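For reference, the structure discussed in these notes is given below.
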Amino acid sequence: MTDAPTYDLERLLTTAGGATVVAGVDEVGRGAWAGPVSVCAVVTDLSEPPAGLTDSKMLTVKRRAAMVEAIEGWAVGIGHGEAGVEEIDTLGMTEALRRAARRALEALPVRPDAVILDGKHDYLGPPWPVRCEIKGDLTCVSVAAASVLAKVRRDTHMATLGFDAYGFADNAGYPSPAHQQALAELGPTPHHRLSWSYLDDLPQWRHLKRHRNALAGEGQLSLFG
């Protein structure tokens, strides 16, 4: 059984790092073929977290939904941000992530002095003081809470989009077999990321591929590497 996340890193940043307010940040939707990329930021008062809190990927759909209410009643601050397919296609995933994360942090009721970012890459950048933490959604309480809220919010959004043949309610825009089959037969919807390389493998829809100006932002993160 996976160990429960702790406040070890949050406490380190408030004691040795001199921060007063620490936000845990996590994203969801980076590797999807459709829909926005969503980011959540969570600030806590270092009190006992909801029982069973962990990385959203370790929880069932039912358990995640129940956890949302518990987190919302416990966290000191919650902020959500997203970047849609137009921004992803125009600016690239790195810049889209940066914008979504900044929107989430700016939506918090209090400005954090330090940010714990899940993963090894700082896609946020100045002026936010960032500590990247690999598997932070498993080890850090605030990041675990952010991972649950971000996933449930985005999954709920994707389920409202329609286009039932693509299975968005089940795959949240990720390339499930049903999604790939619908793409091959019906082509992309308005919710698909048209700059992404999956279109290269769909000859009858390849003409819809968007080629972004390299000066507009960084390239997309690889889907297959």
Exercise. What single numbered condition from (1) modelled with pLDDT under 95; (2) farther than 23 Å from residue 96 by Cα fails to hold for residue 165?
Worked result: (1)
Seminar exercise, completed: Among residues of the stretch 126-165 being open to solvent by less than 10 Å² (accessible area, probe 1.4 Å) and out of contact with any strand residue (DSSP E or B) (no Cβ under 7 Å at 6 or more places or on another chain), the residue farthest from residue 17 (Cα to Cα) is 158
For this session: Would you mind stating whether residue 48 is out of contact with any Cys (no Cβ under 9 Å at 6 or more places or on another chain), acidic (Asp, Glu), outside any loop (DSSP other than H, G, I, E, B) and open to solvent by 40 Å² or more (accessible area, probe 1.4 Å)?
Result: no
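Can you pull out the residues in the stretch 1-57 that are small (Gly, Ala, Ser) and touching a strand residue (DSSP E or B) at 6+ places or on another chain (Cβ under 7 Å)?
Listed by number, the residues that qualify are 17, 19, 23, 24, 29, 34, 38, 41.
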For this session: Taking only the stretch 1-28 into account, find how many residues are among the hydrophobic types (A, V, I, L, M, F, W, C) and in a strand (DSSP E or B).
Result: 4
For this session: Give the stretch 167-180 a look and list any residue that's in a helix (DSSP H, G or I) and over 18 Å from residue 197 (Cβ atoms), or say none.
Result: 168, 169, 170, 171, 177, 178
Exercise. List the pairs whose first member sits in the stretch 147-166 and is in contact (Cβ under 8 Å) with a residue 12 or more places away in the chain, whose second member is among the hydroxyl-bearing types (Ser, Thr, Tyr), and whose Cβ atoms are under 7 Å apart, counting only residues at least 6 apart or on separate chains?
Worked result: 147/56; 148/56; 150/38; 151/56; 153/38; 154/38; 163/189; 166/189
Problem set entry | Count of residues meeting criterion [modelled with pLDDT of 95 or more, open to solvent by 90 Å² or more (accessible area, probe 1.4 Å) and in a helix (DSSP H, G or I)] in the stretch 181-225 | 3
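Can you spot a residue in the stretch 96-110 that is open to solvent by less than 30 Å² (accessible area, probe 1.4 Å) and at pLDDT below 95?
No, the stretch 96-110 contains no residue that is open to solvent by less than 30 Å² (accessible area, probe 1.4 Å) and at pLDDT below 95.
Among the residues of the stretch 86-101, count how many are farther than 15 Å from residue 124 by Cα and touching a residue at least 12 places away in the same chain (Cβ under 8 Å).
4
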For this session: Could you pull out the residue among 165, 150, 146 that is more than 19 Å from residue 27 (Cβ to Cβ) and among the small types (Gly, Ala, Ser)?
Result: 165
Exercise. Checking residue 31 against (1) within 12 Å of the chain's Cα centre (by Cα); (2) buried (at least 17 other Cβ atoms within 10 Å of the Cβ); (3) not in a helix (DSSP H, G or I), which single condition isn't satisfied?
Worked result: (2)
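The values are calculated or read from the model by the stated rules, or taken from the named source; none is laboratory data. On a predicted model such as this, the values are computed, not experimentally measured, just so you know. Virtual Cβ from ideal backbone geometry, glycine too; neighbours counted across all protein chains shown. These area figures cover heavy atoms from the full protein model, side chains too; ligands, DNA and RNA do not enter into them. Shrake-Rupley method; radii C 1.70, N 1.55, O 1.52, S 1.80 Å.
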